[in-house]
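K.L.:
Please find one structure pasted underneath; my questions will follow.
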Amino acid sequence: MSTYTQHLSHLQTRAELALARCGFDAMLIASGVEKFAFLDDRPYIFAPNPHFKHWLPLVNHPDSWLLIRPGHKPRLVYYQPDDYWHVPPADPTGEWVPLVELILIGKPEDAAAHLQVPGRLAIIGEADAALPGLTPNNPQNLLNLLHYQRAYKSEYELDQMRAASRRAAPAHRAARDAFLAGASELEIHRAYLAACGHTDRDLPYSNIVALNEHGAVLHYQYQDAVAPAQSRSLLIDAGAQVNGYASDITRSWSAGDGAFDALLAHMEAAQLALVDEVRAGVDYRDIHLSTHRLVAAILQDLGVVKMSVEAQLEARVTSTFFPHGIGHLIGLQVHDVGGFMADEQGGVSAKPEGHPYLRLTRPLDEGMVVTIEPGLYFIPTLLRKLQATPIAASVDWTLVEHLSRFGGVRIEDDVVCRAAGSPPENLTRDAFAALAGLPRPDVKQS
Ligand code: GLY
Ligand code: MN
Ligand code: MN
């Protein structure tokens, strides 16, 4: 049995149990609908319902529906309009075709006739996807079960995510080379897209391509068309997708500077140590708190902050330099659902006090995939706040000013938690290593 067949059968079993527990007879999943700019006929890029692409590798298929019933094959109502303005979805092909009951429709409203089944229906979808008599109700108790379980990836899903990292790795290499050749942010972005064969509409999130000071803007959203007079650093946060599964990778590069290169080397070592903490049974919140300790040690070692690690943590100095969470669940969505769930019933697992931006508070378990993305930045607005406190006297502002010209550093890998006692699988580093045909630098060879 292929990994996809196993995945589908596992989803069916999970769905049947969830429906029974929540008192439903069937589940309908809308793929989603195209949305348009206000007063305009330009559609936004289509983002499918993640529940839909969990079952099927179909990501450009608005107005399709899945019907899941105990004891039946999934029924796929497949929208394939006769359209000469756009390319309609292709004729169904692939391993999934014989595993579903396929019904082709040419008009969105024709779906309703094929989705009428007796009993209580859970209808999962956005409000706009409603059809007459079929209004999404998104039952919270059912979603809680499905979202909690979605953190556990099947072997099929892990294969898609391995491929998504492999797709992004050569693009990161091309981006680095473009940066070193003096390219603008826009040119680096184009080099990235060309190397992974994506267009903007295929990306799992908008690329962050930040030269120099722009690296200090956590979600820098522009790509300057003109290169700066001097390109000192590049922070590129860019992923790829395969069959609806994402990779989310950040690399930071230097054109050469003693102090910034030392910071990069420290961050690389810290990131690898944090990746190694991804183990079954570990509370992800503890990895976040470890990051603050490592950032404090780096600030002390480099002489940016002349305070002990303990004193920095006590005074919360590290939040000036590392003001986001260490990472998140990843899969069908870059920031995958379920990161705060304490249990399948929807209990909430709290963020550590003083850490509002952490997106994952669950204990790690075998089969979960998370990002590990420590950062250390020189963010003007946060530095100004620090400057107004007594801590300012312990900061080397000359060094801060120098490093501010590089913006910051973030290094982000996608990491699979393995069975208790096993080291994690680093999808990102494995992809880079495969690209180079070299053994992973962080793995000692015997
Ligand atoms: N690319 C967004 C993030 O790293 O979470
Ligand atoms: Mn991320
Ligand atoms: Mn990222």
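The values are calculated or read from the model by the stated rules, or taken from the named source; none is laboratory data. Just so it is clear, the model here is predicted, and its values are computed rather than measured. Methodologically, a virtual Cβ is constructed for each residue, glycine included, from the backbone with ideal geometry; neighbour enumeration extends over all protein chains shown. All accessible areas refer to the heavy atoms of the entire protein, side chains included, with ligands and DNA or RNA removed. Shrake-Rupley method; radii C 1.70, N 1.55, O 1.52, S 1.80 Å.
K.L.:
Could you count how many residues in segment 407-421 are among the aliphatic types (A, V, I, L, M) and part of a strand (DSSP E or B)? Talk me through it step by step, then tell me what you get.
P.N.:
We begin by selecting, within segment 407-421, every residue among the aliphatic types (A, V, I, L, M); these are 409, 411, 415-416, 419-420.
Imposing the further condition that a residue be part of a strand (DSSP E or B) reduces the set to 409, 415-416.
Counting residues in segment 407-421 that are among the aliphatic types (A, V, I, L, M) and part of a strand (DSSP E or B) gives 3.
K.L.:
Take the residues of segment 8-41 that are in contact (Cβ under 8 Å) with a residue 12 or more places away in the chain and of a type in the set (D, E): which is least open to solvent (accessible area, probe 1.4 Å)?
P.N.:
It comes out as E16.
K.L.:
How many of the residues in segment 42-55 are in contact with a Pro (Cβ under 8 Å, 6 or more places away or on another chain) and open to solvent by less than 20 Å² (accessible area, probe 1.4 Å)?
P.N.:
Summing the residues that are in contact with a Pro (Cβ under 8 Å, 6 or more places away or on another chain) and open to solvent by less than 20 Å² (accessible area, probe 1.4 Å) in segment 42-55 gives 1.
K.L.:
Here's another thing I want to ask about it. Suppose we filter G375, G339 for residues that are open to solvent by less than 10 Å² (accessible area, probe 1.4 Å) and either under 19 Å from S252 (Cβ atoms) or more than 16 Å from ligand 2 (Cβ to nearest atom) (or both); which single one remains?
P.N.:
G375
Yes/no per residue for (1) aromatic (F, W, Y); (2) more than 23 Å from D202 (Cβ to Cβ); (3) part of a loop (DSSP other than H, G, I, E, B):
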residue	(1), (2), (3)
Y4	yes, no, no
L8	no, yes, no
E16	no, yes, no
I29	no, no, no
E34	no, no, yes
I45	no, no, yes
P48	no, no, yes
L58	no, no, yes
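K.L.:
Give me the residue from segment 178-208 that is away from ligand 1 (no atom under 16 Å from the Cβ) and of a type in the set (S, T, N, Q) and, out of that set, least open to solvent (accessible area, probe 1.4 Å).
P.N.:
Per the stated criteria, the residue is S184.
K.L.:
Can I ask one more? I need the full set of residues from segment 312-323 which are among the hydroxyl-bearing types (S, T, Y), in contact with a His (Cβ under 8 Å, 6 or more places away or on another chain) and open to solvent by less than 20 Å² (accessible area, probe 1.4 Å), in order please.
P.N.:
Passing the criteria: only T318.
K.L.:
Something else about it: Going by the structure shown, is Q221 over 30 Å from S154 (Cα atoms), surrounded by fewer than 17 Cβ atoms within 10 Å (Cβ to Cβ) and within 16 Å of ligand 2 (Cβ to nearest atom)?
P.N.:
Criteria met by Q221.
K.L.:
Given the options V309, V334, V226, name the one that is surrounded by fewer than 22 Cβ atoms within 10 Å (Cβ to Cβ), within 13 Å of ligand 2 (Cβ to nearest atom) and either more than 30 Å from G421 (Cα to Cα) or of a type in the set (A, V, I, L, M) (or both).
P.N.:
Going through V309, V334, V226 in turn, the sole match is V334.
K.L.:
Now a separate question. Based on what the data block shows, is A388 at pLDDT 95 or above and more than 18 Å from S247 (Cβ to Cβ)?
P.N.:
Values: at pLDDT 95 or above: yes; more than 18 Å from S247 (Cβ to Cβ): yes.
Taking the combined requirement at face value, the residue satisfies it.
K.L.:
Before we move on, is A112 open to solvent by less than 20 Å² (accessible area, probe 1.4 Å), outside any loop (DSSP other than H, G, I, E, B) and touching a Phe, Trp or Tyr at 6+ places or on another chain (Cβ under 6 Å)?
P.N.:
No; evaluated as a whole, the condition is false for this residue.
K.L.:
In the set A246, A175, which member is within 15 Å of ligand 2 (Cβ to nearest atom) and buried (at least 18 other Cβ atoms within 10 Å of the Cβ)?
P.N.:
Unique residue meeting the criteria: A246.
K.L.:
In the list E425, E373, E401, which residue meets the criterion of being within 16 Å of ligand 1 (Cβ to nearest atom), acidic (D, E) and at pLDDT 95 or above?
P.N.:
Working: E425 fails: within 16 Å of ligand 1 (Cβ to nearest atom); E401 fails: within 16 Å of ligand 1 (Cβ to nearest atom).
Result: E373 is the single residue among E425, E373, E401 that is within 16 Å of ligand 1 (Cβ to nearest atom), acidic (D, E) and at pLDDT 95 or above.
K.L.:
Could you list, in sequence order, all residues of segment 229-266 that are farther than 27 Å from V416 by Cα and in a loop (DSSP other than H, G, I, E, B)?
P.N.:
A229, Q230, S231, R232, A255, G256, D257
K.L.:
Could you count how many residues in segment 209-223 are touching a His at 6+ places or on another chain (Cβ under 8 Å), within 13 Å of ligand 1 (Cβ to nearest atom) and free of Cβ contacts under 8 Å to residues at least 60 places away in the same chain?
P.N.:
Of the residues in segment 209-223, 2 are touching a His at 6+ places or on another chain (Cβ under 8 Å), within 13 Å of ligand 1 (Cβ to nearest atom) and free of Cβ contacts under 8 Å to residues at least 60 places away in the same chain.
K.L.:
Do we have any residue at all in segment 389-396 that's part of a loop (DSSP other than H, G, I, E, B), away from ligand 1 (no atom under 16 Å from the Cβ) and within 21 Å of the chain's Cα centre (by Cα)?
P.N.:
Within segment 389-396 (the criterion being part of a loop (DSSP other than H, G, I, E, B), away from ligand 1 (no atom under 16 Å from the Cβ) and within 21 Å of the chain's Cα centre (by Cα)), the answer is no, since none of the residues qualifies.
K.L.:
Please verify whether segment 150-168 includes one or more residues that are of a type in the set (G, A, S), in contact (Cβ under 8 Å) with a residue 12 or more places away in the chain and under 25 Å from S231 (Cβ atoms). Explain how you work it out, then say what you get.
P.N.:
Of the residues in segment 150-168, the ones of a type in the set (G, A, S) are 151, 154, 163-165, 168.
Within this subset, residues satisfying the condition of being in contact (Cβ under 8 Å) with a residue 12 or more places away in the chain are 151, 154, 163-165, 168.
From what's left, under 25 Å from S231 (Cβ atoms): 168.
Yes - at least one qualifying residue is present in segment 150-168.
K.L.:
Residues to consider are L299, L272, L294; find the one that is part of a helix (DSSP H, G or I), touching a strand residue (DSSP E or B) at 6+ places or on another chain (Cβ under 6 Å) and either more than 24 Å from A169 (Cβ to Cβ) or open to solvent by 40 Å² or more (accessible area, probe 1.4 Å) (or both).
P.N.:
L299
K.L.:
While we're here: Checking I326 against (1) more than 16 Å from ligand 1 (Cβ to nearest atom); (2) open to solvent by less than 60 Å² (accessible area, probe 1.4 Å); (3) outside any helix (DSSP H, G or I), only one condition comes out false. Which one?
P.N.:
(1)
K.L.:
Taking the stated definitions as given, is A280 part of a loop (DSSP other than H, G, I, E, B), touching a residue at least 60 places away in the same chain (Cβ under 8 Å) and surrounded by fewer than 20 Cβ atoms within 10 Å (Cβ to Cβ)?
P.N.:
yes
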